[in-house]
């Protein structure tokens, strides 16, 4: 039962953060930020948010800006989910490297 609740919360956080990053990326211009996965701790106090940033050349710069703005992003998320969750989880952003891995495999297969 508890695991099912965690999965629902993970999906909700992924959806809401995806919408937030859509607005965030419009401000930065020329960058796509997508939330590829969210994992929540059992006590719902911490959320690991996996981000994919395109183009890959700007990924580190945008990722560092996102980490600086983490408190603002958490505040905006809190405004969106205030009726679903009592406490907004602490957000820990991680860069998802699965797209880079897929590109590398694709290049190796083309050879």
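Structure values in brief
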read-out	value
Members of the stretch 76-104 that are closer than 22 Å to residue 12 by Cβ and free of Cβ contacts under 8 Å to residues at least 12 places away in the same chain	78, 79, 82, 83, 86
Search result, residues across the stretch 21-40 that are more than 14 Å from residue 52 (Cα to Cα) and in a helix (DSSP H, G or I)	23, 26, 27, 28
Some residue of the stretch 42-52 being surrounded by fewer than 16 Cβ atoms within 10 Å (Cβ to Cβ), touching a strand residue (DSSP E or B) at 6+ places or on another chain (Cβ under 7 Å) and in a loop (DSSP other than H, G, I, E, B)	yes
Residues of the stretch 1-18 satisfying the condition of being more than 10 Å from the chain's Cα centre (by Cα) and outside any loop (DSSP other than H, G, I, E, B)	2, 3, 4, 5, 6, 7, 8, 9, 10, 11, 12
So residue 22, is it in contact (Cβ under 8 Å) with a residue 12 or more places away in the chain and surrounded by 13 or more Cβ atoms within 10 Å (Cβ to Cβ)	no
Breaking point among (1) surrounded by 14 or more Cβ atoms within 10 Å (Cβ to Cβ); (2) at positive phi, for residue 30	(1)
Filtered residues of the stretch 53-70 (kept if outside any loop (DSSP other than H, G, I, E, B) and surrounded by fewer than 17 Cβ atoms within 10 Å (Cβ to Cβ))	54, 56, 57, 58, 60, 61, 63, 64, 65, 67, 68, 70
Among the residues listed as 73, 105, the single one being in contact with a helix residue (DSSP H, G or I) (Cβ under 7 Å, 6 or more places away or on another chain) and either modelled with pLDDT of 85 or more or part of a helix (DSSP H, G or I) (or both)	73
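The values are calculated or read from the model by the stated rules, or taken from the named source; none is laboratory data. All figures in this text were calculated on a predicted structure; none of them were measured in a lab. Methodologically, a virtual Cβ is constructed for each residue, glycine included, from the backbone with ideal geometry; neighbour enumeration extends over all protein chains shown.
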